[in-house]
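The values are calculated or read from the model by the stated rules, or taken from the named source; none is laboratory data. Just so you know, these numbers come straight off a predicted model, no measurement behind them. No Cβ is skipped: glycine too gets one built from the backbone with ideal geometry, and neighbour counts run over all protein chains shown. Side chains are part of the model used for accessible areas, which takes the heavy atoms of the whole protein and leaves out ligands, DNA and RNA. Shrake-Rupley method; radii C 1.70, N 1.55, O 1.52, S 1.80 Å.
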Amino acid sequence: MKRRTFVTATAAAAISVGATARDSRAATAASSTEVSTDLAEQQRLLVLAHEARRNAYSKYSNFQVGAALLANDGTVITGCNVENASYGLTICAERTAVFKAVSMGYRPGDFRAIAVAASADGFSPCGACRQVLAEFGENINVIFEHKNQPVAKTVEELLPYRFKL
């Protein structure tokens with residue numbers, strides 16, 4: 001079985017240097033107050049999200065979704081949806097990317113943008129994904145295609161009354 005991975009070379013380097021990368025991310029996050037992404041970066045993330053979508057395990061719905069999460073240090077972490085016969089155990093692409101990033105040592109405030117690509121039109125991230133993204137930064141730019149048009153909104157714009165503890 002051939003495994004496909006979409007963690008960038010930057011991420012591989014960050015994994016190999018451990019705490020140094022974590023310190024570098026913290027410094028980058030502290031110095032970066034601008035979270036917007038330019039058009040070229042949005043397009044690049046959408047391409048990566050479409051590539052990640054190809055790995056989706058959507059045996060039941062045949063609805064494939066991919067996500068490309070951009071960290072402040074430039075690393076792109078991808079994810080795809082993974083379905084299960086017990087539908088409640090299915091996980092969306094956005095949450096897969098975020099949880100994968102957390103397992104790599106990233107924390108709230110470490111992310112600048114996420115692009116999401118789906119195999120159907122008229123798509124936007126679900127409420128559960130919006131809430132998870134809000135946990136990691138209300139200013140994260142969320143980029144997706146809706147009715148064949150690219151859309152870029154912050155998490156705050158997509159979920160203005162998020163749940164907080």
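Yes or no: the range 70-88 includes at least one residue that is outside any loop (DSSP other than H, G, I, E, B), free of Cβ contacts under 8 Å to residues at least 12 places away in the same chain and farther than 17 Å from E156 by Cβ.
yes
If you scan the range 119-129, which residues turn out to be in a loop (DSSP other than H, G, I, E, B) and either modelled with pLDDT of 95 or more or touching a Phe, Trp or Tyr at 6+ places or on another chain (Cβ under 9 Å) (or both)?
Of everything in the range 119-129, those that are in a loop (DSSP other than H, G, I, E, B) and either modelled with pLDDT of 95 or more or touching a Phe, Trp or Tyr at 6+ places or on another chain (Cβ under 9 Å) (or both) turn out to be S119, A120, F123, S124, P125, C126.
Have a look at V155, V132 and point out the one that is in contact with a strand residue (DSSP E or B) (Cβ under 9 Å, 6 or more places away or on another chain), aliphatic (A, V, I, L, M) and under 21 Å from A101 (Cα atoms).
V155
Every residue in the range 89-114 that is acidic (D, E) and in a loop (DSSP other than H, G, I, E, B), please.
Correct list: D110 only.
Determine whether V132 is closer than 19 Å to A93 by Cβ, modelled with pLDDT of 95 or more and not in a strand (DSSP E or B).
Here the answer is yes, as V132 does meet what is asked.
Just need a number here: residues in the range 45-69 that are farther than 18 Å from A152 by Cβ and either open to solvent by 50 Å² or more (accessible area, probe 1.4 Å) or hydroxyl-bearing (S, T, Y) (or both).
Here the count works out to 10.
Might you let me know whether the range 142-154 holds any residue that is hydrophobic (A, V, I, L, M, F, W, C) and assigned to a loop (DSSP other than H, G, I, E, B)?
No, the range 142-154 has no match at all.
For every residue, the table says whether it meets (1) farther than 21 Å from A115 by Cα; (2) at pLDDT 95 or above.
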{"position": "I15", "(1), (2)": "yes, no"}
{"position": "R25", "(1), (2)": "no, no"}
{"position": "A30", "(1), (2)": "yes, no"}
{"position": "L46", "(1), (2)": "no, yes"}
{"position": "Q64", "(1), (2)": "no, yes"}
{"position": "N72", "(1), (2)": "no, yes"}
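For the range 63-121, enumerate the residues that are of a type in the set (S, T, Y) and either over 14 Å from F144 (Cα atoms) or in contact with a Lys or Arg (Cβ under 6 Å, 6 or more places away or on another chain) (or both).
Listed by number, the residues that qualify are T75, T78, S86, Y87, T90, T96, S103, Y106.
Looking at (1) aliphatic (A, V, I, L, M); (2) free of Cβ contacts under 8 Å to residues at least 24 places away in the same chain; (3) in contact with a Phe, Trp or Tyr (Cβ under 8 Å, 6 or more places away or on another chain), can you tell me which one L165 breaks?
(3)
Let's see how each residue does on (1) farther than 25 Å from L39 by Cβ; (2) under 15 Å from the mean Cα position of the chain (by Cα); (3) aliphatic (A, V, I, L, M):
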| position | (1), (2), (3) |
| --- | --- |
| L89 | yes, no, yes |
| S124 | no, yes, no |
| G137 | no, yes, no |
| E156 | no, no, no |
